[in-house]
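A.B. asks: One structure is given below, represented as structure tokens, and several questions about it will come after.
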């Protein structure tokens, strides 16, 4: 899909989300450049997942505007892909990996129409991209955590979106899956797609992401990784809960809970 | 004995009951699959119990026994009950299961009070309303069965047209919402179908037992397959068979009640499934475990022999 280069893939302004009375996300504004991998980092309860869900309209927002390529999200759904947290579904559901991936095509299919050969082939392609082709007909409860995560990723690929949101895709996966995911992210980037990833492991932020967003209810810092992922800004984000050990010019980070 | 049973079946009344119970089992099996997978099995039970005061009030207001009116009453009170559950879970610290328990018993209590009131007052045509507690399939007449044919046709058609949407809703509602499907509307639609099934089923099975027909066939069907489509079909089939068996036993042997017998038939299907289903069944699992253990023991044994000093000595000789 071709979008005007003038419009940012995602622009958020004044986003506030509250559970009951307490805001869990306060007045967050930012604009996402095209073709970048962006890590969203912050302590537990910082509102990382909440922000993604509020942008996608899965949670009600108190205030704030969201624009996708300069248009309302409702009109741009087909350009947006979403990988929810793996634990958000019951994996004992009676279906197989291929079927889950085909769900990525449901939005394009529209009402009543059933997925056919075309959707099946697309889903197979996406499974192959995450190295899961041979598991296509495996019941989803028989997959390991990493394999389940890759199925979710393949489902998002099947959406053929330009802007992706991924909610903690690296949590609880094996090293092989982590590699597979990061390879895929770089492939998406090479195709000019934009990916926002909620991320937990501070040690890999520098390696994985072009841009970083530091979030703790409010937006602490946002920009290219080398500018933002600094000791002082991280201290500001995590408060006293973070121990940073200097090591030559870089820093080894240990999150203490 | 067999002669007697087949002669009973030629009776048109029995045929209506047979068709009615079969359709009831079919639709509750289909809708039950989705409610079960959405972990809302108890909602059916709550709706059924909540229907009782609605039915009583509908009768008290109009003084007539008519299924569409009862449907309206039950629908309104069912709606009120689900609304109450939502309010309780959202604004208090009470969890959904406790909220359902509270709402279910309150509504049922009100229903029983109203029912007793009706029976002790001068309503002319009140006889039979108490049958809604445990159901009385024998009271089904042709027009009731026509209603059931209509409702089950709507449910079968809607579930096959919206199969993809219901599947996504049951598996990952968040993703469905992200894709732009009106999740709230689909949820309400499923709830509406559940209410319809429950109300249609109350006459035959009663408010106390109707939830069993929603839950049991679906759980049994889940044992036989890992595909949703097949599960829904099987569940409908199990429900229909249970209805037929319940009716057959009740009409042919003695004056046992049809509804409870259908529920028991469904339970037999369920127990059989738990025990003998090919992949997930208890027996299949036990056999797999025994075979597995034996294979591992054999492998270990071979390893031991290979690594034992005796073996190595003989080897070196």
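No value in this document is a laboratory result; all are computed from the given coordinates. These figures come from a predicted structure and were not determined experimentally. So basically every Cβ, Gly included, is an ideal-geometry build from the backbone, and we count neighbours across all protein chains shown.
A.B. asks: Could you grab the relative contact order for chain A? Cα pairs under 8 Å, six or more apart, rounded to a whole percent.
C.D. replies: Values: 484 pairs, mean separation 64.4, N = 257.
Once divided by the residue count of chain A, the mean separation gives 25 percent.
A.B. asks: What average number of partner chain Cβ atoms lie no more than 10 Å from the Cβ of the residues making up B:218-226?
C.D. replies: Numbers: counts 0, 0, 0, 1, 3, 0, 1, 2, 12.
Per residue, the average neighbour count from other chains is 2.
A.B. asks: Is it possible to state the helix-based mean residue ellipticity at 222 nm for chain B, with each DSSP H run of 4+ residues giving -39500 (n - 2.57), the sum divided by total residues, to the nearest 500 deg cm²/dmol? What is it?
C.D. replies: Working: 15 runs with 259 residues, N = 317.
Roughly -27500 deg cm²/dmol at 222 nm, from the helical runs in chain B.
A.B. asks: So how tilted is helix B:210-222 from the main axis of chain B? Cα-based, degrees 0 to 90, rounded to 10.
C.D. replies: The angle comes out at about 20 degrees.
A.B. asks: Moving to a separate point now. For residue A:141, put the label point 7 Å out on the Cα→Cβ axis and report which residues of segment B:224-254 keep their amide N under 16 Å from it.
C.D. replies: Residues B:224-232 qualify, since their backbone N sits under 16 Å from the label point.
A.B. asks: Take every residue in peptide A:130-140, count the Cβ atoms of other chains within 10 Å of its Cβ, and give the average of those counts. Mind dumping the intermediate values first?
C.D. replies: Numbers: counts 0, 0, 0, 0, 0, 0, 0, 1, 1, 4, 2.
That average works out to 1.
A.B. asks: Along the Cα→Cβ direction, 7 angstrom out, place labels at residue B:163 and residue B:66. What is the inter-label distance in nm?
C.D. replies: If labels sit at residue B:163 and residue B:66, their model points lie 3.8 nm apart.
A.B. asks: Nearest 0.05, what FRET efficiency do residue B:93 and residue A:90 give at R0 = 22 Å with Cβ-Cβ as r? Don't skip to the answer; put the middle values down first.
C.D. replies: Numbers: r = 24 Å, r/R0 = 1.11.
For residue B:93 and residue A:90, the calculated efficiency is 0.35.
A.B. asks: Take B:56, B:21, B:283 and order them by how many other Cβ atoms sit within 10 Å, fewest up front.
C.D. replies: Details: B:56 25, B:21 33, B:283 12.
Ordered by Cβ neighbours within 10 Å, fewest first: B:283, B:56, B:21.
A.B. asks: Using 7 Å Cα-to-Cβ label points, what is the residue A:187/residue B:289 separation (nm, one decimal)?
C.D. replies: Once both label points are built, they end up 4.1 nm from each other.
A.B. asks: Quickly rank B:217-223, B:88-94, A:219-225 as a protection proxy: mean count of other C-beta atoms within 10 Å, highest first.
C.D. replies: Working: B:217-223: 25.6, B:88-94: 12.1, A:219-225: 17.4.
The densest-packed peptide leads the list: B:217-223, A:219-225, B:88-94.
A.B. asks: Another question, if that's okay. Give the average, rounded to an integer, of partner chain Cβ atoms located within 10 angstrom of each Cβ in B:156-166.
C.D. replies: Details: counts 0, 0, 0, 0, 2, 4, 2, 2, 11, 3, 0.
Partner Cβ neighbours, averaged per residue: 2.
A.B. asks: When the Cα centres of segment A:91-130 and segment A:157-220 are compared, how far apart do they sit, in Å?
C.D. replies: When both Cα centres are located, 23 Å separates them.
A.B. asks: For segment B:66-103 and segment B:234-255, what is the centre-to-centre distance using only Cα atoms, to the nearest Å?
C.D. replies: 30 Å
A.B. asks: Comparing B:22, B:298, B:231, which has the greatest mean-square fluctuation in the GNM of chain B with Cα pairs linked when under 10 Å apart?
C.D. replies: In the Gaussian network model the winner is B:298.
A.B. asks: Still on this structure: Using a simple spin-label model with points 7 Å from Cα along the Cα→Cβ vector, what separation in nm is obtained for residue A:108 and residue A:233?
C.D. replies: Between residue A:108 and residue A:233, the simple spin-label model gives 3.6 nm.
A.B. asks: Hey, can you rank A:14-26, A:44-56 by average C-beta count inside 10 Å, highest first?
C.D. replies: Numbers: A:14-26: 15.2, A:44-56: 20.8.
So the peptides A:14-26, A:44-56, ranked by packing, come out A:44-56, A:14-26.
A.B. asks: Rounded to the nearest 10 degrees, what's the angle between the helix A:145-158 long axis and the longest principal axis of chain A, both from Cα atoms, 0 to 90?
C.D. replies: So the inclination is approximately 70 degrees.
A.B. asks: Which one of A:58, A:37, A:157 has the biggest mean-square fluctuation once chain A is modelled by GNM with Cα springs under 10 Å?
C.D. replies: Checking each option, the largest mean-square fluctuation is seen for A:58.
A.B. asks: Find how much the distance from residue A:218 to residue A:13 grows on full extension, using 0.36 nm per residue of separation minus their present alpha carbon separation; answer in nm with one decimal. Could you put the intermediate results ahead of the total?
C.D. replies: On the way: separation 205, 0.36 × 205 = 73.80 nm, distance 1.24 nm.
Taking residue A:218 through residue A:13 to full extension adds about 72.6 nm, to one decimal.
A.B. asks: Enter the angle in degrees (range 0 to 90, nearest 10) between the Cα long axis of helix B:41-62 and the first principal axis of the Cα atoms of chain B, meaning the one along which they spread out most.
C.D. replies: 10 degrees
A.B. asks: Something else about it: Using a 10 Å cut-off on Cβ atoms, rank the peptides A:76-82, B:178-184 from the highest mean neighbour count down.
C.D. replies: Working: A:76-82: 21.6, B:178-184: 18.0.
Sorting A:76-82, B:178-184 by mean packing, highest first, produces A:76-82, B:178-184.
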